[in-house]
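> I have a structure I would like to understand better, so I am pasting it below and will then ask my questions one at a time.
The values are calculated or read from the model by the stated rules, or taken from the named source; none is laboratory data. Given the structure is predicted, the values throughout are model-derived calculations rather than measurements. Heads up, the Cβs are rebuilt from the backbone with ideal geometry, glycines too, and the neighbour counts pull from every protein chain shown.
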Amino acid sequence: MIKKNIAMLAAETSRSRFYLQSIAKKGLLPSKILILENRGKILAGQDLKNKTLEIKSFYIENFVFKPNETLEETCKKYNINFNFINETNVNLDNVIEKLKNLQEKIIIYSGYGGTILRSKILNIGKYFLHIHGGYLPDYRGSTTNYYSALKEKYIGASSIIMSEKIDTGPILYRKKFKLPPDLSKIDHIYDSSVRSNVLIKTLQMINEANLLEDLFLNQKVKVNDMNYFIIHPVLKHLSILNN
Amino acid sequence: MKKYIYCETNRLIKNHNYMYSEYGGVKFLELYEENRNELISFYETQINKNKNIISKKDFAVLMKLKNISEIYFSNLKNQYQISKLKNLFFRCEQSYLYEDELVNYDKYNLNTKEKLYELIINFSFNNIEKEHKLIIYKILKKFEISKKLYQSYKLDSYKPKGNFHDLKIYWLTSIALLIYYMRDHELQYLNSALKISDTLCSQDRKNLAKEFRGNAHSIPLLIETMIIEKLKFYR
């Protein structure tokens, strides 16, 4: 089933591939995909070294992830309308213009790692649906699943509508997951896998809701709480080895 | 992975963003420890060359670190590390002390170094000052974004001013973050402390020896590795 009110803005990363393949498998296809094309050096989130053909997902039932299947290939396989944008920076005016022209009201966002969406893109009258790798509002910021694994022995994901302050937009759905068998594969496999699980559930909820706003969870964000920043390799190793 | 790459080049010139860092297993943690221990050993060789003299404010900072680490490591079983740390503090207490220069304050800008001295020296294990935590977090955040710490920041916007080459500011920030971590157990402090420590350890040895006399830098380095040791549950 193609979802007419939902588009996707995706970079060619392992996470975007995971998202698209898993939602396609569950019949939750977006009506349009804009692919941020990268013709330069490898960017954050791209895992071109992975030669594994198929990976059985630990967190999504009956789903096998194909790391080497490109977004274009998946789009063609499921007959999804797609276009390339020859840019990697989503904040550029020509990218914003393309997004403005989309008919879809909700855009699943899955850009290159480390990019922050500026106000000029967030204020174009669309909802940017982002799946955060971590349980919000407890774990705001970057690489938070390593921190939650180290502190509380779980990983998580949360779907939010993006706002100008990082990871503070309205939460639609969030879930805690038990730790995977091998945390060293979290960056390109398990983090994407739990996010995809939450994305699937969120799209199903959007299907059933009258208004997107009906899904916003009541949450209390403590303004003074500290964000998590990219985990230092020493803590990352402790998180992996301790579990 | 054959060496600890995060200090292999001057991180104030070429910073590291730490994104998607490579997993190297237990060997990686050994390389990290070697990196820190190698610098501690280097400082040992310098002690006989330089007189062990430090400023009164630096001494007060190190004594605060002593006070907090004694509480934090009170249950530590590794007596070798404890005695090594005690020995470093003992030698520090034998240092010659000199008066710090007078500082001119500016009401529109935060003097990073002086604010850090103030926050560390007035730090209490039992009394959590929200305002102080907020300042520490703002400094932490500034470092995480730019991987640099500036001489001063505008008080209204926290825009940086001056240069970012004062190694003492990095030293003070890493100590501040270590004592906040030892009290509050919030990993964000330890995370940034490790990155700032990488920045310091990546500096030219001559500059480090000139800036940090005696055990001034060895002490926070040893405490950092002891904290990491305490977090190892996989053995």
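> A:Ser159 passes all but one of (1) buried (at least 22 other Cβ atoms within 10 Å of the Cβ); (2) within 14 Å of another protein chain (Cβ to nearest Cβ); which number fails?
Just one mismatch for A:Ser159, condition (2).
> Which residues, taken from segment B:51-99, are of a type in the set (Val, Ile, Thr) and assigned to a helix (DSSP H, G or I)? Even if it seems obvious, please write down each step before you answer.
The first filter runs over segment B:51-99 and keeps only residues of a type in the set (Val, Ile, Thr), leaving B:53-54, B:61, B:68, B:71, B:82.
The answer is B:Val61, B:Ile68, B:Ile71, B:Ile82.
> Here's a check for you: in segment B:203-235, which residue that is part of a loop (DSSP other than H, G, I, E, B) and within 14 Å of chain A (Cβ to nearest Cβ) is farthest from B:Ile13 (Cα to Cα)?
Taking segment B:203-235 as the starting set, the residues that turn out to be part of a loop (DSSP other than H, G, I, E, B) are B:203-204, B:212-217, B:231-235.
Filter once more, so that each one left must be within 14 Å of chain A (Cβ to nearest Cβ): B:231-235.
Details: B:Leu231: 31, B:Lys232: 32, B:Phe233: 36, B:Tyr234: 36, B:Arg235: 37 Å.
If we take residues in segment B:203-235 being part of a loop (DSSP other than H, G, I, E, B) and within 14 Å of chain A (Cβ to nearest Cβ), then B:Arg235 is farthest from B:Ile13 (Cα to Cα).
> Still on this structure, I have one more. Need pairs with beta-carbon distance below 8 Å; first residue buried (at least 17 other Cβ atoms within 10 Å of the Cβ) and within segment B:131-160, second aromatic (Phe, Trp, Tyr) and assigned to a helix (DSSP H, G or I); sequence gap 6+ or separate chains.
B:Lys133/B:Tyr180; B:Ile136/B:Tyr180; B:Ile136/B:Tyr189; B:Leu140/B:Tyr189; B:Leu149/B:Phe143; B:Leu149/B:Tyr170
> Tell me which residues, restricted to segment B:43-57, are surrounded by fewer than 17 Cβ atoms within 10 Å (Cβ to Cβ) and modelled with pLDDT of 95 or more.
Passing the criteria: only B:Lys56.
> Taking B:Glu114, is it within 23 Å of B:Met226 (Cα to Cα), of a type outside the set (Gly, Ala, Ser) and more than 14 Å from chain A (Cβ to nearest Cβ)?
Working: within 23 Å of B:Met226 (Cα to Cα): no; of a type outside the set (Gly, Ala, Ser): yes; more than 14 Å from chain A (Cβ to nearest Cβ): yes.
Taking the combined requirement at face value, the residue does not satisfy it.
> Right, another one. Taking the condition of being part of a helix (DSSP H, G or I) and within 14 Å of chain A (Cβ to nearest Cβ), how many residues in segment B:117-146 meet it?
Residues that pass the stated criteria total 17.
> Scan segment A:83-112 for residues that are in a loop (DSSP other than H, G, I, E, B) and either surrounded by fewer than 18 Cβ atoms within 10 Å (Cβ to Cβ) or of a type in the set (Ser, Thr, Tyr) (or both) and jot them down. So that I can check it myself, show each step before the final result.
We begin by selecting, within segment A:83-112, every residue in a loop (DSSP other than H, G, I, E, B); these are A:86-92, A:101-105, A:111-112.
Across segment A:83-112, the qualifying residues are A:Asn86, A:Glu87, A:Thr88, A:Asn89, A:Asn91, A:Leu92, A:Asn101, A:Leu102, A:Gln103, A:Lys105, A:Tyr112.
> A further question follows. Check A:Leu199 against each of (1) under 21 Å from A:Arg15 (Cα atoms); (2) within 11 Å of chain B (Cβ to nearest Cβ) and name the one condition it does not meet.
Unmet for A:Leu199, out of (1) under 21 Å from A:Arg15 (Cα atoms); (2) within 11 Å of chain B (Cβ to nearest Cβ): (2).
> Which members of segment B:70-90 meet the condition of being within 15 Å of B:His217 (Cα to Cα) and touching a residue at least 40 places away in the same chain (Cβ under 8 Å)? First the steps, then the outcome.
Filtering segment B:70-90 down to residues within 15 Å of B:His217 (Cα to Cα) leaves B:84-90.
Within segment B:70-90, B:Lys84, B:Leu85, B:Leu88, B:Phe89 meet the criteria.
> Here's something else I'd like to know. If the requirement is being part of a helix (DSSP H, G or I) and of a type in the set (D, E, K, R), which of these qualifies: A:Lys201, A:Lys165, A:Lys175?
It is A:Lys201.
> Tell me the residue from A:Leu179, A:Leu136, A:Leu183 that is modelled with pLDDT of 95 or more and among the aliphatic types (A, V, I, L, M), please. Write out each step before concluding.
Numbers: A:Leu136 fails: modelled with pLDDT of 95 or more; A:Leu183 fails: modelled with pLDDT of 95 or more.
Just a single option satisfies the conditions, and that option is A:Leu179.
> Scan (1) within 18 Å of the chain's Cα centre (by Cα); (2) surrounded by fewer than 18 Cβ atoms within 10 Å (Cβ to Cβ); (3) outside any loop (DSSP other than H, G, I, E, B) for the single condition B:Leu39 breaks and write down its number.
Result: B:Leu39 fails condition (2) only.
> Right, something else. Any residue at all in segment B:158-171 that's outside any loop (DSSP other than H, G, I, E, B), within 14 Å of chain A (Cβ to nearest Cβ) and not acidic (Asp, Glu)? I'd like the intermediate steps shown before the answer.
Kept after step one, since they are outside any loop (DSSP other than H, G, I, E, B), are these residues of segment B:158-171: B:160-161, B:167-171.
So of that shortlist, the ones also within 14 Å of chain A (Cβ to nearest Cβ) come out as none.
Checked segment B:158-171: no residue is outside any loop (DSSP other than H, G, I, E, B), within 14 Å of chain A (Cβ to nearest Cβ) and not acidic (Asp, Glu).
> Let me ask you something else. How many residues does segment B:173-182 contain that are more than 14 Å from chain A (Cβ to nearest Cβ) and either assigned to a loop (DSSP other than H, G, I, E, B) or surrounded by fewer than 24 Cβ atoms within 10 Å (Cβ to Cβ) (or both)?
Result for segment B:173-182: 1.
> In segment A:121-131, is there at least one residue being more than 14 Å from chain B (Cβ to nearest Cβ), in a loop (DSSP other than H, G, I, E, B) and out of contact with any helix residue (DSSP H, G or I) (no Cβ under 9 Å at 6 or more places or on another chain)? Before you say what the answer is, go through the steps one by one.
Taking segment A:121-131 and keeping what is more than 14 Å from chain B (Cβ to nearest Cβ), we get A:121-131.
Now drop any that are not in a loop (DSSP other than H, G, I, E, B), which leaves A:123-126.
Filter once more, so that each one left must be out of contact with any helix residue (DSSP H, G or I) (no Cβ under 9 Å at 6 or more places or on another chain): A:123.
For segment A:121-131, residues more than 14 Å from chain B (Cβ to nearest Cβ), in a loop (DSSP other than H, G, I, E, B) and out of contact with any helix residue (DSSP H, G or I) (no Cβ under 9 Å at 6 or more places or on another chain): present.
> Next question. Can you name every residue in segment A:132-156 that is of a type outside the set (Lys, Arg), within 14 Å of another protein chain (Cβ to nearest Cβ) and not in a helix (DSSP H, G or I)? Reasoning before the result, please.
From segment A:132-156, those of a type outside the set (Lys, Arg) are A:132-139, A:141-150, A:152, A:154-156; that's our starting set.
Narrowing further to those that are within 14 Å of another protein chain (Cβ to nearest Cβ): A:133-134, A:138-139, A:141-150, A:152.
Within segment A:132-156, A:Gly133, A:Gly134, A:Asp138, A:Tyr139, A:Gly141, A:Ser142, A:Thr143 meet the criteria.
> Now, a different point. Could you check, for segment B:187-195, whether at least one of its residues is touching a residue at least 60 places away in the same chain (Cβ under 8 Å), more than 23 Å from B:Ile82 (Cα to Cα) and part of a helix (DSSP H, G or I)?
Residues of segment B:187-195 touching a residue at least 60 places away in the same chain (Cβ under 8 Å): B:195.
Okay, now just the ones that are also more than 23 Å from B:Ile82 (Cα to Cα), so B:195.
With the extra rule that they be part of a helix (DSSP H, G or I), the set shrinks to B:195.
So far as segment B:187-195 goes, yes, one or more of its residues are touching a residue at least 60 places away in the same chain (Cβ under 8 Å), more than 23 Å from B:Ile82 (Cα to Cα) and part of a helix (DSSP H, G or I).
> A:Leu241 fails exactly one of the following numbered conditions: (1) part of a strand (DSSP E or B); (2) touching a Leu at 6+ places or on another chain (Cβ under 8 Å). What is the number of that condition?
The number of the failed condition is (1).
> Here is a follow-up. Under 6 Å between Cβ atoms, at least 6 apart or on separate chains: pull out the pairs that start in segment B:3-25 with a residue that is within 22 Å of A:Ile186 (Cα to Cα) and end on any residue that is assigned to a loop (DSSP other than H, G, I, E, B) and of a type in the set (Gly, Ala, Ser).
B:Met19/A:Ala44
> To continue, here is another question. What are the residues in segment A:224-241 that are among the polar types (S, T, N, Q) and either in contact with a Cys (Cβ under 8 Å, 6 or more places away or on another chain) or more than 7 Å from every other protein chain (Cβ to nearest Cβ) (or both), if any? First the steps, then the outcome.
Residues of segment A:224-241 that are among the polar types (S, T, N, Q), as a first pass: A:224, A:227, A:239.
Selection gives A:Asn227, A:Ser239.
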